[in-house]
Amino acid sequence: MPDSTRRRFEELKAGGLLPSPKGVALTVLDMTGRPNASIHDITRLVQVDPAMAGRILRYANAAQGGALRHIVSLQHAITFLGLFRVRQIALGFSLMDRYRSGVCRAFDYTAYWTESLATAIAAQRLAVEAQSPPDESFTCGLLSGIGRLALATSYPKQYGVVLQANLAGQILMDAEREHFGIDHANLSAEMLLGWGLPEIFTDAVRYHEEPADAPFPPGTRAQALTAALHLAARIGELLNLDEARRWEKIPSLYHAAARLGMEAAEVPSLVADVVVGWQGWARELNLPARSHVDVQSLLASPPAQAGEGDGTGASFIPLRVMQVMASSERQAALATTLSALGALVEQAENPADAVRMDDSNPPDVAIIDLETAGTDAMDRVRALRAAAGNALHVIALIPASAESDVARLLQAGVSDYLLYEHTEAALVARLSNAQQLVSLRGAVRAERELAVSSSGDWARANRRLLHEALTDPLTQLANRRYGLDRFAQEWSVASSNELPLSCMMFDIDHFKRVNDERGHDVGDLVLQQVAAVIGRDCRRSDIVFRYGGEEFCCICPNTGMTEAFQLAERIAATIREGRYGLAEDRFALTMSIGVAVRADDTADPAALIVKADRALYAAKHGGRDRVVAAS
């Protein structure tokens, strides 16, 4: 980031203009930053704020996913989450409570938090694809756009002028830099960095809106995290839009999924899962929860029909018009005019029949004769809309006496209206509007199909790149780069929460003899076989990777010396009992293992690896085939 942008952030921060937590949340942030903070002290503090206590309990139960007994104790919840995660939860929800409204009239505060919450849920669901912890992903999603709120808070009038221009994407960020010296993406990243989130997450926030501009090599964890946040933001945007605009965002959603390596078939279930979690949290936080009954149909919409045009409006599309008429005289007269205009006209007796007559090729327009705008008419419109969804263009045919109730008809689901005494020009105008919408929908539907059809290869390519970048090609364990990256992350969590963290270093005894006597091909096979044993015997929570040559490393989160030593002994015994090499020439192997545990005098992850490596060296010099614990 340019120095000028960093200086601008520091100026805003020094001026006290940026959003910040308050009350109990501010004290939680301060207390969890101290080296002597305890679970007991934090529990007593959080109990003062019943709303925050309830949210921490809810979050803890959601995080453990029903795998454990339901958590009812606040101290149990805080212990389960750890101080670092409680800090993040307090930060996010405090900002949401404090900035529900503001003086920037052009900034929709409620919509901002609604979309941010949906983005947070989506980011949490995508944590596996992003190779990141769900808690940090949730916080990044919730606060990924905090820079927008900060500009609205710091410069309500000036930012309101910028927002009224309806700018988006890079154009909006260019305007922000011109007016304020910093854009909302960089401001969001700097604020999260100041609140203590790891740099890899703040970098993802910085680039997630324009991931193609990110400086991360394809296949790296930073690129995966940025792509996951980008997809989460697209889902958040989709769920926050009204139904009339939602369908326009479907192609970009599939493109975002493919960038992360997700195939098209995986997207609908992901969005459905996000909707459930998002609506539950929205009720908890008193945010509006939109109805999303159309999302699945949008994501699974049929391909564009042949002849639907290119969406430019230049070519004529023969509209399929379904008449639902009360008067046979009006029906016959209108059908004659419609046919003369080139429309394909069909008849239905009631709204349900209008959409059931041909499910494979539904009508583009329904003209429904309402006679009045009373309760019965409203019910008929709602029934038609419920049966047909949002793609159908509904024109109400009404007498002049009902024109004053058009607003109610529009709220019920009507798209347009015609009077009984309409002119042919009025009918042509209504059909022209419908034709433009059908053309545009056809173009977007075709774009969605193109996105879906092309996303498969793209998704598989991206997934392969990520796998290759993070995996040792010979053993198929994680490679050293990924292992050390995850080690640094677990070190941060363990240090912040005073949790134990163990490191085991493995080395195959006399491996050079295998290469010298049996050849390097057999040596490679042995490495694969030993890697499979270590990977199988370690726990799911452990981080196992090839450190180099015949050395392997295992990082064990929340694990003390006793448990780590027992695990190492079990792996050593399994190796000792096995037979390795070619099927026709099996032979025995042994392994030396060094174990070290994070202590107050351990400066960083590299120092812990050095301790474990020294213990491994002692195991070698002590006779091999043994486990030695670092003193």
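Points to keep in mind about this one:
- Residue count for segment 199-229, restricted to those that are crowded, with 23+ Cβ neighbours inside 10 Å and either aromatic (Phe, Trp, Tyr) or outside the structural domain of Ala118 (by TED's automatic domain parsing) (or both): 2
- Filtered residues of segment 230-253 (kept if surrounded by fewer than 17 Cβ atoms within 10 Å (Cβ to Cβ) and within 18 Å of Arg206 (Cβ to Cβ)): none
- Residue check for Arg98: surrounded by fewer than 18 Cβ atoms within 10 Å (Cβ to Cβ), touching a Gly at 6+ places or on another chain (Cβ under 9 Å) and touching a residue at least 12 places away in the same chain (Cβ under 8 Å): yes
- Qualifying residue in segment 540-553 (condition: within 42 Å of the chain's Cα centre (by Cα), modelled with pLDDT under 95 and at positive phi): yes
- Helices (runs of 4 or more DSSP H) wholly inside segment 478-571 containing at least 2 residues that are in contact (Cβ under 8 Å) with a residue 24 or more places away in the chain and either surrounded by fewer than 15 Cβ atoms within 10 Å (Cβ to Cβ) or among the charged types (D, E, K, R) (or both): 480-497, 520-537
- Matching residues, segment 121-138, being surrounded by fewer than 24 Cβ atoms within 10 Å (Cβ to Cβ) and farther than 10 Å from Ala228 by Cα: Pro133, Pro134, Asp135
- Restricted to segment 417-428, and to residues there that are closer than 21 Å to Val324 by Cβ and free of Cβ contacts under 8 Å to residues at least 40 places away in the same chain, the residue that is surrounded by the fewest Cβ atoms within 10 Å (Cβ to Cβ) is Glu421.
- Residue match in segment 119-135 (condition: without any contact (Cβ under 8 Å) to a residue 12 or more places away in the chain, in contact with a helix residue (DSSP H, G or I) (Cβ under 8 Å, 6 or more places away or on another chain) and farther than 23 Å from Asp174 by Cα): no
- In a residue-by-residue description of segment 234-253, the property of being closer than 27 Å to His467 by Cα, outside any helix (DSSP H, G or I) and not polar (S, T, N, Q) applies to no position.
- Reported count of residues in segment 178-192, each being touching a helix residue (DSSP H, G or I) at 6+ places or on another chain (Cβ under 6 Å), of a type in the set (D, E, K, R) and part of a helix (DSSP H, G or I), is 1.
- Annotation: of all residues in segment 225-249 being touching a Phe, Trp or Tyr at 6+ places or on another chain (Cβ under 8 Å) and in contact (Cβ under 8 Å) with a residue 60 or more places away in the chain, the one that is nearest to Glu199 (Cα to Cα) is Leu225.
- Hits in segment 205-224 (condition: in contact (Cβ under 8 Å) with a residue 24 or more places away in the chain, part of a helix (DSSP H, G or I) and not basic (Lys, Arg)): Val205, Pro211, Gln223, Ala224
- The residue list Ser154, Ser144 contains one member that is in contact (Cβ under 8 Å) with a residue 12 or more places away in the chain, surrounded by 24 or more Cβ atoms within 10 Å (Cβ to Cβ), polar (S, T, N, Q) and in contact with a helix residue (DSSP H, G or I) (Cβ under 7 Å, 6 or more places away or on another chain), which is Ser144.
- Candidate set: segment 193-204, residues that are out of contact with any Leu (no Cβ under 6 Å at 6 or more places or on another chain) and assigned to a helix (DSSP H, G or I); chosen: the one modelled with the highest pLDDT: Asp203
- Taking the listed residues Ala478, Ala488, Ala402, Ala451, the one that is more than 30 Å from Val610 (Cβ to Cβ) and modelled with pLDDT of 80 or more is Ala402, with no other qualifying.
- Filtered residue count, segment 161-179, keeping only those that are within 20 Å of His208 (Cβ to Cβ) and not aliphatic (A, V, I, L, M): 5
- Segment 608-631, residues that are in a loop (DSSP other than H, G, I, E, B) and farther than 12 Å from Thr590 by Cα: Gly622, Ala630, Ser631
- Taking first residues from segment 387-413 that are on the phi > 0 side of the Ramachandran plot and partners that are in a helix (DSSP H, G or I) and crowded, with 18+ Cβ neighbours inside 10 Å, the Cβ contacts under 6 Å between residues at least 6 apart in sequence or on separate chains come to Gly413/Val381; Gly413/Arg385.
- Pick from segment 333-362, criterion among the aliphatic types (A, V, I, L, M), over 45 Å from the mean Cα position of the chain (by Cα) and over 12 Å from Val321 (Cα atoms), ranking: modelled with the lowest pLDDT: Ala340
- For segment 59-177, the helices (runs of 4 or more DSSP H) that sit wholly inside it and include 1 or more residues that are under 18 Å from the mean Cα position of the chain (by Cα) and within 30 Å of Val267 (Cβ to Cβ) are 83-98, 109-125, 127-130, 134-143, 146-154.
The values are calculated or read from the model by the stated rules, or taken from the named source; none is laboratory data. Computed from a predicted structure; not experimentally measured. Neighbour counts run over all protein chains shown; Cβ positions are idealised from the backbone, glycine included.
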